[in-house]
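The values are calculated or read from the model by the stated rules, or taken from the named source; none is laboratory data. Since we're looking at a predicted model, the values are computed, not measured. In this analysis, Cβ positions are derived from the backbone assuming ideal geometry, glycine residues included, and neighbour counts consider all displayed protein chains.
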């Protein structure tokens, strides 16, 4: 399977509403998440995906995001190998922020994407 076989979507084209059936899976590290993330996203760092896959609804419309799109593409490849359908977010959270999509911090401080 190659990267060209996998589904990707620009951040600006993601559904506006996240829910149990539409999941944005953020695979960045804890520190990146703490600086800013999409409201309603599910956070599981990339290295923890195999051990925490049970937290991801297998029938949901699943979008995977990281900072710029490289790590999330690797996660989408892994998910495809184990039977999940997932879509990579092109450009990651950098593109999400550039598209004017909202970002939040859990502590209420100003959110930023590094």
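Tabulated results
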{"item": "Near pairs, Cβ below 6 angstrom, 6+ apart or cross-chain, from region 39-61 (at negative phi and surrounded by 14 or more Cβ atoms within 10 Å (Cβ to Cβ)) to any residue that is at pLDDT 95 or above and part of a loop (DSSP other than H, G, I, E, B)", "result": "45/29; 46/27"}
{"item": "Flag for residue 95 being in a helix (DSSP H, G or I), within 26 Å of residue 109 (Cα to Cα), in contact (Cβ under 8 Å) with a residue 40 or more places away in the chain and in contact with a strand residue (DSSP E or B) (Cβ under 8 Å, 6 or more places away or on another chain)", "result": "yes"}
{"item": "Hits in region 70-92 - residues which are free of Cβ contacts under 8 Å to residues at least 60 places away in the same chain and at positive phi", "result": "83"}
{"item": "Lone qualifier among 93, 46 - being closer than 14 Å to residue 114 by Cα and modelled with pLDDT of 95 or more", "result": "93"}
